[in-house]
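First up is the structure itself, then whatever we jot down about it.
The values are calculated or read from the model by the stated rules, or taken from the named source; none is laboratory data. In this text, all values refer to a predicted model and were calculated from it rather than measured experimentally. Glycine gets a Cβ as well: all are built from the backbone with ideal geometry, and neighbour counts include every protein chain shown.
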Amino acid sequence: MNLLILISTFLVILISLIGYGYIFVKLFCKKTKDINFGYLGIFGLIFSIFISYSSNFFLPHNYFFNSIYLMIGLIGFVLLLKQNSLIHIKKEFLIFLSVSFFSILSLLIFKNHDDFPYYHFVYTYNLTQFNLNIGIGQFNHGFRTPSSIFYINSLFYLPFIKYFSFNFAAVIILVFSNIILLKKIGIIYSNNFSFKKKIDTKNILVFFSLLSFIFINIFFYRIGEHGTDRSAQILVMLLIIEIIESFNRKSYDNLLNLKIFTLIIFIISLKAFYILYLILLLPLYLNYYKYFKSNFQLFKNLLSGYLIFYVLIFLLILSSYFLSTGCLLYPIEITCFNDLSWSIPGNQVEQMNQWYQQWSKAGAGPGFRVDDPQIYIEKFNWLGNWIDKYFFNKVSDFLFGIIFLSIIVLISFRKSNKSKIFSKINKKYIFLFSIILILFFEWFYNHPALRYGGYNLIAIIFFLPISIYLSFKNINFDKYKFISSILIILTVIIFSGRNIHRIYKEHILYSYNPLLKPFYEVNNSYFREYINLKNLINDYNKCQQNNSCQEIKVKKKYGIYIFEN
């Protein structure tokens, strides 16, 4: 019964999100026919982010609210079915079900990410129990770094499944991303792709999509390790694909740009430092500069449409940081307002900024700390220690895996003639690759941990040149389709096999039985911050009755509880 609850709730949520995606496209694009379920799901997620952030100012995401939210999405899905042809829906639904069912294995997990019991779970749970509370960053530093993934998961707090859905968002992002990648690879609707030209942007697109699909499902197979980081890195791969897609467009495409802006705002909402990835909009701007210049009315319409929506989401993201910590972007001290009663003190903000750099530069770990972190993180003082403690063996193992994957794909397509490459490479790809290198060097200098953006940047540095190289080969579609199908099947087998092996290990270590109790572990420690917050509120309400609130570090204004420094 528990397994049935888990699977059925997961599928219903997926369908509801697709329904929200249909509503979203109807509002901002008008093109609602022949859009794949993958992007409808991504649009549904960004719409849900807006709903979750904005609604939590006024209401907790309890069973009642979330049930209504779910029902509206299901109604949207019914409207989608009426709008599209039965043949198209059947194809989309078959892909959707296939990807969803092979991804369910990753949902069967006993032990989540290490940060999950520390603050991921309790942050999400608090969103289901309380509406707006100010200053919750006082409880622990995890509460100072809100993420949209917590807000999305809070909408999945539903009857029967309860809080055992708080890791659904990572799997959902993986499912919708896989659907998009499979469509981009092009073996599903072969008539949409032409391989007659030796140089074709779409060829670059399909090879990059193929490499991305293999990479995501083999390297990111374990959902328990995703946290808030790997979901963002999966979406970065999709963002690069859509930017490549834009290079092939000779005129402005509203739906394509809706995808790009959706992805980049989604990525930023998951982790604040991804705001640096706004630089990836530069190739898009240069691509459409002449078109916008000659069509001011279109530019005006764009500004009055979905860009306003994304500005609102961005402001909601900033407000979540501000109301938790007193900073617009924590832990960047220059963005902090230190005179607010709930503000994190400036010295603590600076120490946390230093700590993130120290940790990512291998200056701290289980059982050790460097003596002088301030000097250690400056310039390249950390490089030798980082190479010794982190490059070997984490980065080196990852590099070996990427190189091995690249060689396998290159060997698979080796028996094809090629033309001269470097004289014909589109300058747009050189420009895009230069931006990726800039982001890579920023990552390496400031926060060189793979989880902080390293995985996808290193992968892109390999995959983009390989995709360009393969696009110059004379590969007929039948050969491409055969090789790609084999690689996809092998990827699914590896993904499934590694998850089955993981479940078996968890069964041995923790007596985890996914058939009887498929839910992840939850104990009393998961609720500690919720209990602290509730107790403070109760103490405040009691002391209000006898005017003895001087020592209680919480006050209430306009019905809102403010937890003070």
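Do we have F43 as assigned to a helix (DSSP H, G or I), closer than 30 Å to L312 by Cα and at pLDDT below 95 here? Here the answer is no, as F43 does not meet what is asked. The criterion of at least 2 residues that are in contact with a helix residue (DSSP H, G or I) (Cβ under 7 Å, 6 or more places away or on another chain) is met, among helices (runs of 4 or more DSSP H) falling completely within region 320-412, by 346-360, 373-376, 396-412. Evaluation of D253 against the conditions (1) farther than 28 Å from S48 by Cβ; (2) acidic (D, E); (3) at pLDDT below 90 shows that the sole unmet condition is (1). From the residues in region 348-389 that are exposed (fewer than 15 other Cβ atoms within 10 Å of the Cβ) and β-branched (V, I, T), which one is farthest from the chain's Cα centre (by Cα)? So the residue we want is I375. Could we say that N541 is modelled with pLDDT under 90, under 27 Å from K162 (Cα atoms) and outside any loop (DSSP other than H, G, I, E, B) here? For N541, the condition - modelled with pLDDT under 90, under 27 Å from K162 (Cα atoms) and outside any loop (DSSP other than H, G, I, E, B) - is not met. Screening L27 against (1) over 15 Å from L155 (Cα atoms); (2) surrounded by 15 or more Cβ atoms within 10 Å (Cβ to Cβ); (3) of a type in the set (A, V, I, L, M, F, W, C) leaves a single unmet condition, (2). Among the conditions (1) outside any helix (DSSP H, G or I); (2) closer than 20 Å to G224 by Cβ; (3) without any contact (Cβ under 8 Å) to a residue 12 or more places away in the chain, P514 misses just one, which is (3).
Scanning region 140-162 for residues that are surrounded by 21 or more Cβ atoms within 10 Å (Cβ to Cβ) and not hydrophobic (A, V, I, L, M, F, W, C) turns up R144, T145, P146, S147, S148, Y151, N153, S154, Y157.
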